[in-house]
Amino acid sequence: MKKDRILVTGGTGYIGSHTVVELQNAGYPVVIIDNLSNSSRDVLDGIERITGQRPDFVEADCTDINALKKLFSDYPGIKGIINFAASKAVGESVQKPILYYRNNLNTLLNLLDLMTPNDVKGIVFSSSCTVYGEPDENPVTEQSPIKKATSPYGNTKQISEEIITDVINSGAPFKSVILRYFNPVGAHPSAEIGELPNGVPQNLIPYLTQTAMGIRKELSVFGDDYDTPDGSCIRDYINVVDLAKAHVIAVQRMLEDKSDEQIEIFNLGTGRGTSVLELINTFESATGVKVPHKIVGRREGDIEKVWANPEHANKVLGWTAGSTLEDTMRSAWAWQCKLRERGIM
Ligand code: NAD
Ligand code: WQD
């Protein structure tokens, strides 16, 4: 049976591109909208090389409601939306709060506004473990307290969750699945798509792989005096392909009306906490490549430790993060090597 068309906003981005691959592998026709503010058109070639299929692509901004209206009329029959489009750099959001609130919230509002007139059945929203702040207890469940956001970026995720809840509670005739990602890392095993950070990476894995490649002199480990077994911070690093697969399940769940709830929230993590130093060791043993690093002071605003209790997603979605951290590290390295091969980095 022919599957319904899915609109993927931010579909040429890091998580979006991996999700488009999994959607196409599952038989869903996809239309991507992306303004290419943090990605490139070349990503479409990578998706095509993996799946043998080029997704439909519209270069436009989701804050432009007329562009979205045109998209719905040009591509009829969209039944599901996955909304990845957002600005995501925490530090930049502190410098440019208006840009972050405008981009992330107007994108969501426009999409929600157009769902009912276009008969869209559901929207998957990319939220983040950032909503839990520094948790009182680990692992965190979906019921763990939401802490006051420490950045405009984090606040956009909290406000977005509230907007979706209010719209659904007002009687909107569609469903929503809110997915709270922990730390997405790695790349597609084909090394055809992966993360493309802009400038000097702020996140651990791209900085680590660039250091291993010799692009950066050494990786700074931000603090070894935390209350953790080796003193470095702990996170839940989740493989991006595992993460992408959860979106396909979430879409299917909404389109096939498998849930009685109109709005559902899931943590997407592995359930394992890994420290920065453990991650460096795992990368080195999985790839055989050394990562020069030194301990420096703490980074302002860092959370000491956070990892997921993913049982709700495991049970209800029938989804688990199955990849090993070793395989994930190998995929991140293969992607970095591919970028070098292509002369990109
Ligand atoms: P990304 O920057 O790689 O992808 C986002 C894509 O959206 C980019 O291709 C960008 O060009 C596009 N975009 C941004 N604003 C747009 C707009 N107004 N109109 C059209 N396109 C627009 O980021 P990502 O890591 O793939 O993250 C995807 C989503 O997941 C984001 O909402 C992000 O906040 C969320 N998230 C990411 C992480 C993470 O660590 N990567 C963690 C938790 C949540
Ligand atoms: C991971 C660990 C650093 C760089 C951010 C956002 C969060 C979410 C995911 C979107 C930390 C340490 C890092 C380096 C280091 N994004 N580190 N040296 O901070 O967990 O979360 O991305 O929603 O909202 O805040 O991810 O990759 O920056 O850091 O030691 O050069 O690596 O201190 O412990 P983080 P990260």
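Where a number appears in this text, it was derived from the coordinates with a stated rule and is not lab data. This is a predicted model, so every value here is computed, not measured. Note: ideal-geometry Cβ built from the backbone for every residue, glycine included; neighbour counts use all protein chains shown.
Note down the net charge around residue 3, summing +1 for each Lys or Arg and -1 for each Asp or Glu among other residues with Cβ under 11 Å from its Cβ. Taking every other residue near residue 3 into account, the sum is +1. For residue 70, list the aspartates and glutamates whose Cα falls under 16 Å from its own Cα; do not include residues on the same chain fewer than 8 positions away. List returned: 34, 56, 59, 61, 113, 119. Run down the lysines and flag those whose C-alpha is under 20 Å from the C-alpha of residue 2, throwing out any fewer than 8 positions away in its chain. Partners within reach: 79, 121, 245, 258. Which shape class, rounded, prolate or oblate, goes with the stretch 91-145 when its Cα gyration tensor gives a ≥ b ≥ c as root eigenvalues, a/c under 1.5 marks rounded, and past that a/b bigger than b/c marks prolate? It comes out oblate by the Cα gyration axes. A cut-off of 5 Å between modelled amide H atoms, ignoring neighbours fewer than 5 places along the same chain, links residue 128 with 181. Of all aspartates and glutamates in the structure, those lying under 15 Å Cα to Cα from residue 148, and not within fewer than 8 positions of it along the same chain, are 134, 136, 161, 162, 302. Taking R0 as 41 Å, what's the FRET efficiency between residue 143 and residue 342 from their Cβ-Cβ distance, rounded to 0.05? The computed FRET efficiency comes out at 0.35. Take the alpha carbon gyration tensor of the stretch 56-104, find the square roots of its eigenvalues, order them as a ≥ b ≥ c, and report rounded if a/c is under 1.5; if not, report prolate when a/b exceeds b/c, else oblate. It comes out prolate by the Cα gyration axes. Net length available on complete extension from residue 225 to residue 3 is 74.7 nm, with 0.36 nm assigned per residue and the Cα-Cα distance removed. The stretch between residue 316 and residue 256, if pulled fully straight at 0.36 nm per residue, gains 20.2 nm over its current Cα-Cα span.
So which residue, out of 166, 74, 327, gets the largest mean-square fluctuation from a GNM of the chain using Cα contacts under 10 Å as springs? Largest GNM mean-square fluctuation: 74.
Taken along its three principal axes, the alpha carbon spread of the stretch 2-125 comes to 44, 33, 20 Å, from the longest extent down to the shortest.
Taking the Cβ of residue 124 as the centre, find all other residues whose Cβ is under 13 Å away and add up their charges (Lys, Arg: +1; Asp, Glu: -1).
Once all neighbours under 13 Å are counted, the net charge is +3.
Footprinting exposure proxy ranking of 82, 193, fewest other C-beta atoms within 10 angstrom first, gives 193, 82.
Computed over the Cα atoms of the chain, what is the ratio Rg over Rh, Rh following Kirkwood?
Reported Rg/Rh, Kirkwood definition of Rh: 0.95.
Ordered by the number of other Cβ atoms lying within 10 Å of each residue's own Cβ, fewest first, 20, 200, 30 fall into the sequence 200, 30, 20. Counting every other Cβ atom within 10 Å of each residue's Cβ, 107, 19, 274 order from fewest to most as 274, 107, 19.
How large is the Kirkwood hydrodynamic radius of the stretch 189-304, counting all unique pairs of alpha carbons, in Å?
Over the stretch 189-304, the inverse of the mean reciprocal pair distance is 16.7 Å.
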